[in-house]
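Peer 1: Pasting a structure here, questions to come.
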Ligand SMILES: *Cc1c(COP(=O)(O)O)cnc(C)c1O
């Protein structure tokens, strides 16, 4: 298609999805008010934006950031820290903080995110398996729903933690809505005393509440995704029950020290400001996801979620059924990025992933997938996962290029 036709198709997609866009705007308004309320309540002031050095005893920036995150996420307590090296690290530190030898970890949403599998099961590298933590898994049903009878059976092993992944990860399903998560958590709580732990990566601010509101005991996420707002340079959070967050803090720093220490010389402005921007940026990303879904559907591709449906995370899966098209798609996304637009991404052996992975990530914050990015493991049915976008204009320009390329095929 030529550019004029591509723009016309984009306009059509915008018209088709007006109602969903209105819902997204309403959610962003609600979540912004929630963030502002937390800032107000915690009396955030300019001095909280500054860093400290050394041990960081009494670092009021760190302490206040933790409080603001706890309030925003509807949790008793939180650790919001640049020292989580990634989402995987935040999840790992949290699991190691709460599990002890002999405990069982049960995932009820199928396999956890790819990079977590080694953390849990790979022998000889200091995984949970090496520390004698047993791992069990209940797969989702064929339609991507909770397998309630199988969960009931698995709970009889008395797991210490029941683990749920809110987002789709690299699986061929939609993300769970808070409502569906809540139903599953209620079912689990009625049959078990286990800690309910939700991997909340990619889910923050896509709805008006987080999994803590429907019974999750601990939630964990990454600052290079939704809640970093595009500004946080690294890190992640763990939030939830006070006693559990304390155990996680002991795992992050040292037993008995927890969140009493930790300085961050550059200061906390980007974390506070990122959180403030996050509801708006997530709204842009959600609209982008809907536009990509709608346009690729019109061009004959299957996308998840299906067009017209609201999104439970900021990811759009596009099924290409063809490795060359998949790679071409990622290359187009890279070519309209603000950073490294001249670079041609190729599949590579990425640490922590089984298949080769291609990533288009022309981002300000390295690898930040709240920025417009696309990635894909190179395996059938050749699904691209496209997500993020700090501005709707950037997303639209990228989509126009994609329509020009794929519109006639
Ligand atoms: C991205 C992601 C992770 C891991 O986060 P990294 O920052 O890439 O380590 C874990 N779980 C889910 C569902 C994710 O989307």
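Peer 1: Can you give me the relative contact order of region 78-205 as a percent, contacts being Cα pairs under 8 Å and 6 or more apart?
Peer 2: 25 percent
Peer 1: For the chain, count the residues as N, evaluate 2.2 N^0.38 Å, and divide the Cα radius of gyration by that value, please.
Peer 2: 0.96
Peer 1: Run the numbers on the chain and let me know its relative contact order in percent, using alpha-carbon pairs under 8 Å that are six or more apart.
Peer 2: 20 percent.
Peer 1: Still on this model: Quickly work out the residue 302-to-residue 19 label distance, labels modelled 7 Å from Cα along the C-beta direction, and quote it in nm with one decimal.
Peer 2: That separation, rounded to one decimal, is 2.5 nm.
Peer 1: If you don't mind, there's one more thing I want to ask. What do you get for the angle between helix 87-98 and the principal long axis of the chain? Use alpha-carbon atoms, 0 to 90 degrees, nearest ten.
Peer 2: 20 degrees
Peer 1: What fraction of the DSSP beta bridges in the chain is antiparallel, stated in percent and rounded to the nearest 5? Let's see the in-between values first.
Peer 2: Working: 26 of 41 bridges.
Antiparallel bridges make up about 65 percent of those DSSP assigns within the chain.
Peer 1: What residue among 258, 182, 102 has the largest mean-square fluctuation in a Gaussian network model of the chain, using Cα springs under 10 Å?
Peer 2: Evaluated over the chain, the most mobile residue of the options is 102.
Peer 1: Okay, next question. How would you rank 57, 268, going from fewest to most other Cβ atoms within 10 Å of each one's own Cβ?
Peer 2: Least to most surrounded, the residues fall as 57, 268.
Peer 1: Given the Cα-Cα distance of residue 254 and residue 156 and 0.36 nm per residue of separation, how much length would full extension add, in nm?
Peer 2: Between residue 254 and residue 156, full extension yields 32.0 nm more.
Peer 1: Determine the shape class of region 1-127: with a ≥ b ≥ c the square roots of the Cα gyration tensor eigenvalues, call it rounded for a/c under 1.5, and otherwise prolate if a/b is greater than b/c, oblate otherwise. Let's see the in-between values first.
Peer 2: On the way: a/c = 2.32, a/b = 1.28, b/c = 1.82.
It is oblate, given that a/c is not under 1.5 and a/b is not larger than b/c.
Peer 1: If you don't mind, there's one more thing I want to ask. Once you put a point 7 Å from the Cα of residue 76 and another 7 Å from the Cα of residue 208, both along the Cβ direction, what distance in nm separates them?
Peer 2: A separation of 2.6 nm, rounded to one decimal place.
Peer 1: Let me ask something additional. If you line up the long axis of helix 60-72 against the longest principal axis of the chain, both from Cα atoms, how many degrees apart are they, to the nearest 10?
Peer 2: It is inclined by approximately 70 degrees.
Peer 1: Hey, another quick one. Which one, 28, 19, 154, has the greatest fluctuation when you compute a Gaussian network model over the chain with C-alpha springs under 10 angstrom?
Peer 2: 19
Peer 1: What ranking of 26, 46, 404 emerges when the number of other C-beta atoms within 10 Å of each C-beta is taken as an exposure proxy, fewest first? Walk me through the numbers before you get to the answer.
Peer 2: Values: 26 12, 46 7, 404 17.
By the 10 Å Cβ count, ascending, the order reads 46, 26, 404.
Peer 1: Taking R0 as 22 Å, what FRET efficiency do you get between residue 269 and residue 29 from their Cβ-Cβ distance, rounded to the nearest 0.05?
Peer 2: 0.35
Peer 1: Given a Förster radius of 45 Å and the C-beta distance between residue 136 and residue 4 as r, what FRET efficiency does 1/(1 + (r/R0)^6) yield to the nearest 0.05? Write down the numbers at each step before the final one.
Peer 2: Numbers: r = 56 Å, r/R0 = 1.24.
My answer for the efficiency is 0.20.
Peer 1: In nanometres, what is the gap between the two model label sites at residue 46 and residue 354, each 7 Å from Cα along Cα-to-Cβ?
Peer 2: 5.5 nm
Peer 1: For 143, 375, 313, 25, what ranking results if the residue with the fewest other Cβ atoms within 10 Å of its Cβ goes first?
Peer 2: In order of increasing Cβ crowding within 10 Å: 143, 25, 375, 313.
Peer 1: Nearest 0.05, what FRET efficiency do residue 36 and residue 12 give at R0 = 25 Å with Cβ-Cβ as r?
Peer 2: On the way: r = 36 Å, r/R0 = 1.43.
Step by step, r from the Cβ atoms, then E = 0.10.
Peer 1: Work out the P(r) tail for region 109-171: percent of alpha carbon pairs separated by more than 20 Å, whole number.
Peer 2: Roughly 32 percent, rounded to a whole number.
Peer 1: Which one, 372, 116, 257, has the greatest fluctuation when you compute a Gaussian network model over the chain with C-alpha springs under 10 angstrom?
Peer 2: 257
Peer 1: Along the Cα-to-Cβ line of residue 342, 7 Å from the Cα, sits a label point; which residues in region 351-365 have backbone N less than 20 Å from it?
Peer 2: Counting backbone N atoms under 20 Å from the label point, the list is 360-365.
Since every read-out is calculated from the coordinates, none of them should be taken as a lab result. Since this is a predicted model, take the numbers as computed values, not measurements. Here Cβ is always computed from backbone atoms with ideal geometry, including for glycine, and neighbour counts include all displayed protein chains.
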